Amino acid sequence: MKKFMNKAETLVAESLAGFVAAHERLVAFGAERKFVRRRTLRRGKVALISGGGAGHEPMHVGFVGKGMLDAACTGHVFTSPTPDQIIAAIRETDGGEGCLLIVKNYDGDVMNFEMAAELAAAEHRIATVVVRDDVNPSGSKRSQGRRGVAGTLVVEKLLGAAAEAGWRLEELSALGDDLNARIRTMGVALGGVTVPDTQRETFVLDEDEMEMGVGIHGEPGRARVNFATADQIVETMLEAILSDLAPDGGDKLLLFINGFGGTPVSELYLAYNAARARFARLGVTVARSLVGTYVTSLDMAGLSITVARLDERELSLWDAPVDTAALRWRS
Amino acid sequence: MKKFMNKAETLVAESLAGFVAAHERLVAFGAERKFVRRRTLRRGKVALISGGGAGHEPMHVGFVGKGMLDAACTGHVFTSPTPDQIIAAIRETDGGEGCLLIVKNYDGDVMNFEMAAELAAAEHRIATVVVRDDVNPSGSKRSQGRRGVAGTLVVEKLLGAAAEAGWRLEELSALGDDLNARIRTMGVALGGVTVPDTQRETFVLDEDEMEMGVGIHGEPGRARVNFATADQIVETMLEAILSDLAPDGGDKLLLFINGFGGTPVSELYLAYNAARARFARLGVTVARSLVGTYVTSLDMAGLSITVARLDERELSLWDAPVDTAALRWRS
Amino acid sequence: MLVVPANAALIGGLIEACRQTIAANADHLSELDRAIGDGDHGTNMRRGSEAVYAERDRLVHLPMPKALEEIGLTLVMSIGGAAGPLYGTLLMEIGRQMAGDADFARVLERAIDAVARRGRASAGDKTLLDVLYPVHAEVVRRAGLAGIAEEAERAASLTFAMKAMRGRAAFLGERSIGHVDPGAKSCALLTAAICRFLEEQGPA
Amino acid sequence: MLVVPANAALIGGLIEACRQTIAANADHLSELDRAIGDGDHGTNMRRGSEAVYAERDRLVHLPMPKALEEIGLTLVMSIGGAAGPLYGTLLMEIGRQMAGDADFARVLERAIDAVARRGRASAGDKTLLDVLYPVHAEVVRRAGLAGIAEEAERAASLTFAMKAMRGRAAFLGERSIGHVDPGAKSCALLTAAICRFLEEQGPA
Ligand SMILES: Nc1ncnc2c1ncn2[C@@H]1O[C@H](COP(=O)(O)OP(=O)(O)O)[C@@H](O)[C@H]1O
Ligand SMILES: Nc1ncnc2c1ncn2[C@@H]1O[C@H](COP(=O)(O)OP(=O)(O)O)[C@@H](O)[C@H]1O
Ligand SMILES: [Mg+2]
Ligand SMILES: [Mg+2]
Ligand SMILES: [Mg+2]
Ligand SMILES: [Mg+2]
């Protein structure tokens, strides 16, 4: 494993320090560097706070800024942040309209955000949206359900725009829950990742293998299958996504091809092209698109495909201006 | 080698098709898909055309749009485009004010752009800027000089803003030549890359080795040295850059950390942090920063550091609005 | 049953015993986690035990219930991930319950219930609960320290055959079968270390 | 010296001979390029020879000078990279010069000069020129076809010891020494293939 680092213990802190310095126009550290927040907080709006383990960059710190998050808490690599970080972010960003916590559905994240919410509940109005967009269910009714993966970007963008537009806490939380039924993601990995702490690869694949249905922590997926052409891989993934999402001809779809960190953007565009061709054959319209490296698993080679069924109002939330380090546009 | 592709022959065309479809608001294909151009061309300005081999994405197509390039010609992987592509781009984008060709200093690129310029000279006013920002000289007076690498982004951004502001062809060409003396880049690779056509790695490194002074085509660098900490690597690179660039205390510096495709942005921010710390110790001010994956060598693990000495006028050109797929900001 | 050494020595000794066993087994725990999780359980547990160790001078002067609660809070605020809230809740609850109840079996039962609620998990889900429940049963039937430690190890090894229903491993479905759960393993290791330490303190 | 077959057969035969030798050696050429360049010289040359081959029905009906010029143009517009303009210039110039000059040695000299100008390169720079100059010298001294082919191969192998001054390999500095230049090698292969073809056409 060769990574640009000094030592494993300080890697996240050093990287965050670089991030904040490089984007000082947009962001600043919160108290004791426990989180990253917008440089200028706006009162009179619900504060959006997200977070999770490091290793998914640019998510979530890259989504802090006007039109998206107010603060992001970063844990160690692939380890959710601790409640004190989240509580500190709540204290510093709550402008009286309450805080919405956006949490990916991993037990670690859910439990840490939950403990923070319990501990801060006396002084703050808090609601939580748990993002569950992964196509792969754990296969059992008793399970904790779908993981939160790249679809988190979509949830954070839409809720961020809504919060900016003055939506109240309950409205935001209701939209967040509602979106969970309409966003689906599937991931494929061409290799494992090396966790810097242990310097060991999470899994090793042969030249002709890939892992289907992976998350964003270098975990193995649901099945190890034969490597295939981009067209075949995209077709398999879209089939799983669409049979789960069941859009009809009238739906407006958002198509988001996300790289896991080690796959160059040229390959993401190639996969996007394959997906567009597939959609064209199915007679399904793609209303909005995003292609890039946004929700990663360190330097894992692979990508995920996210499809979201959005209504007109949600499309305008997507189009609304956003000014963050990683996502930036005017409407 | 596992890449998301269908076959090597069509990989560039498929990827470009995806790029154009994903960014249809910004760009369109030129005649016969020989190049990518702004969706809406503006008359009355000098047309900026760049190009080079594929494999450096998002450069150059990602820099096509308002405030930067008018058109970009993409060749096969690591192979410069052919003159017919460049001539087609000249014909379609020249609005009467002439065309500026921005070329990275590789013999292949230089010769193909030169042939195109010769063939189109009868009907168009054409000037060429050859970018030469690599710190590594080839070591001989008779050599073709420095390579054009990530500093190309800086040249294209500054000239793009200047062209947008109405500068004339000669003025742009003079600024481009002048910038060559004030932009320096150095690259380090942690591994080689696999060229899709041949499915072979350009070079193979041990776990404790890295290549210092690499270009952006997976070529070996000037020296194979021991892998080191991020602080040490950044220090070595900055030393080489600064001793070549020789900024004095009053200079305004732009610092650009660029990923080669396989290195996650979290490591780039960590390297940026190390560079900032080094600059702080040297008492040198960093006026502008850019950190990200912009000028790549397929999925090579590694990064380059670019430092540019800019005057106030050039800083405003850097700050000027830009709206392309890969680079986007308002002033 | 046990001869309890002076409070400070006891707390300090427990902290040290736990820290040592985690330090010695961190790589193994991460290895287990790599198979069905994200490969960081050892690192997480080490971060937690080091954080507690760094505060031992303060902790040893607290009464036992308060010390355990504070240790739990330190674990929560330092570990992160799944293990942080789970081990944190366990210790915080043991401390809180101990303050008002002298029956350790009942204290442990309530604390384990709190862990299950926090994790929305039950017996058989292939988690550290699959060690905690059997350990509790041994405590209830007043097994000796050696017996408790043995049962903890046995219980951890039984997770090998289970299909994970909670935590990252659950996303693997059937593929989670055939691996020992890292959290169960760390729980068994800690239980054994504590039993060993207490045994050494007690009369032969 | 040679008995020239019917024009169409000659042009078609040359196209086919060049295509075959490139197809057979493309991997080797890329291998050489991987050592001191970017590993694509074989792919580039194959793309060029296939593009010419695809147009052979049109090309064989042109007069030889025009055919060569058109082949050069096709190479320029299909190869890209360094090889495209260089081989393209060579063939275009040979075609143009041939139209007005019957002395092949002089034709070749002018074309080689055009290549050198295009590449800003000289003898000893470790490029295809280090094959072209010796080949020209053999043509001047009216060596036989076999001799020309042999000299081309020998000249290519001499690039092994040279330090590259032009092209990607130049950025390697001293590290470029100890490898045969891919462009020199392809030039030798093509020269040999052409000589072999012409030899087969000619009387024994
Ligand atoms: N919901 C849960 N309930 C109970 N225990 C759980 C739960 N989720 C995870 N665990 C336990 O936590 C262990 C993993 O801890 P760790 O690797 O430190 O956290 P993470 O999974 O966040 O990386 C698992 O082996 C399991 O024993
Ligand atoms: N400036 C130059 N002048 C003459 N020959 C050159 C020059 N640059 C490169 N070459 C030749 O071209 C060959 C490389 O061709 P190729 O690999 O197809 O192009 P690229 O270097 O663009 O990938 C070199 O081996 C060398 O013989
Ligand atoms: Mg973890
Ligand atoms: Mg090339
Ligand atoms: Mg884990
Ligand atoms: Mg080459």
Here is a check on your reading of the model: is B:V20 modelled with pLDDT of 95 or more and under 27 Å from B:S316 (Cβ atoms)?
no
Checking the condition away from ligand 5 (no atom under 16 Å from the Cβ) and outside any helix (DSSP H, G or I), which residue from D:G88, D:G39, D:G48, D:G72 passes?
D:G39
Could you figure out which of (1) within 27 Å of D:L90 (Cβ to Cβ); (2) assigned to a loop (DSSP other than H, G, I, E, B) isn't true of B:N112?
(2)
The conditions are (1) without any contact (Cβ under 8 Å) to a residue 40 or more places away in the chain; (2) closer than 28 Å to D:A6 by Cα, and D:M162 fails exactly one of them. Which is it?
(2)
Does region B:171-223 hold any residues that are more than 16 Å from B:G262 (Cβ to Cβ), away from ligand 2 (no atom under 16 Å from the Cβ) and open to solvent by 50 Å² or more (accessible area, probe 1.4 Å), and which are they?
B:E171, B:A174, B:D177, B:D178, B:A181, B:Q199, B:D206, B:D208, B:R222
Residue tally, condition open to solvent by 40 Å² or more (accessible area, probe 1.4 Å) and more than 8 Å from every other protein chain (Cβ to nearest Cβ), over region A:267-286:
7
When region A:74-108 is checked residue by residue, the ones that are buried (at least 23 other Cβ atoms within 10 Å of the Cβ), more than 9 Å from every other protein chain (Cβ to nearest Cβ) and within 15 Å of ligand 3 (Cβ to nearest atom) are A:T74, A:V103, A:K104
Scanning region C:167-188 for residues that are aliphatic (A, V, I, L, M) and either within 14 Å of chain A (Cβ to nearest Cβ) or within 16 Å of ligand 5 (Cβ to nearest atom) (or both), which turns out most open to solvent (accessible area, probe 1.4 Å)?
C:I177
Test result for A:T263, buried (at least 24 other Cβ atoms within 10 Å of the Cβ), among the polar types (S, T, N, Q) and at the interface with chain B (Cβ under 9 Å from one of its Cβ atoms):
yes
Test C:G95 against the criterion of being within 14 Å of chain A (Cβ to nearest Cβ) and either part of a helix (DSSP H, G or I) or in contact with a strand residue (DSSP E or B) (Cβ under 8 Å, 6 or more places away or on another chain) (or both), and give yes or no.
no
Could you check region D:118-204 for helices (runs of 4 or more DSSP H) lying wholly inside it with 1 or more residues that are touching a Ser or Thr at 6+ places or on another chain (Cβ under 8 Å) and among the β-branched types (V, I, T)?
D:129-140, D:145-158
Take B:M115 and tell me if it is within 15 Å of ligand 4 (Cβ to nearest atom), without any contact (Cβ under 8 Å) to a residue 40 or more places away in the chain and either closer than 24 Å to D:R118 by Cβ or acidic (D, E) (or both).
no
Filtered residues of region A:96-109 (kept if in a strand (DSSP E or B) and farther than 17 Å from A:R146 by Cα):
A:C99, A:L100, A:L101
Scope region A:39-56; condition more than 16 Å from ligand 3 (Cβ to nearest atom), of a type outside the set (A, V, I, L, M) and either facing another protein chain (nearest Cβ under 10 Å) or more than 18 Å from the chain's Cα centre (by Cα) (or both); matching residues
A:R39, A:T40, A:R42, A:R43, A:G44, A:K45
Screening B:N258, B:N226 for residues that are crowded, with 17+ Cβ neighbours inside 10 Å and at pLDDT 95 or above leaves only B:N258
Among (1) away from ligand 6 (no atom under 16 Å from the Cβ); (2) within 23 Å of B:R147 (Cβ to Cβ), where does B:G65 come up short?
(2)
Can you tell me which of (1) surrounded by fewer than 21 Cβ atoms within 10 Å (Cβ to Cβ); (2) assigned to a helix (DSSP H, G or I); (3) among the polar types (S, T, N, Q) is the one B:S289 doesn't meet?
(2)
Is there a residue being within 16 Å of ligand 6 (Cβ to nearest atom) and within 19 Å of D:I15 (Cα to Cα) anywhere in region D:165-183?
yes
B:T10 vs. criteria free of Cβ contacts under 8 Å to residues at least 12 places away in the same chain, among the β-branched types (V, I, T), in contact with a strand residue (DSSP E or B) (Cβ under 9 Å, 6 or more places away or on another chain) and open to solvent by 30 Å² or more (accessible area, probe 1.4 Å):
no
Take region D:140-166 and flag every residue that is open to solvent by 30 Å² or more (accessible area, probe 1.4 Å), at pLDDT 95 or above and either on the phi > 0 side of the Ramachandran plot or β-branched (V, I, T) (or both).
D:V140
Within region A:236-270, track down each residue that is farther than 22 Å from A:M210 by Cβ and part of a helix (DSSP H, G or I).
A:L245
Is it the case that some residue within region A:206-220 is in a helix (DSSP H, G or I) and touching a strand residue (DSSP E or B) at 6+ places or on another chain (Cβ under 6 Å)?
no
The residue from A:P264, A:P247 that alone is more than 14 Å from A:V188 (Cα to Cα) and modelled with pLDDT of 95 or more is A:P264
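The values are calculated or read from the model by the stated rules, or taken from the named source; none is laboratory data. All values derive from a computational prediction rather than experimental measurement. Note: ideal-geometry Cβ built from the backbone for every residue, glycine included; neighbour counts use all protein chains shown. Heavy atoms of the whole protein, side chains included, go into the accessibility calculation; ligands, DNA and RNA do not. Shrake-Rupley method; radii C 1.70, N 1.55, O 1.52, S 1.80 Å.
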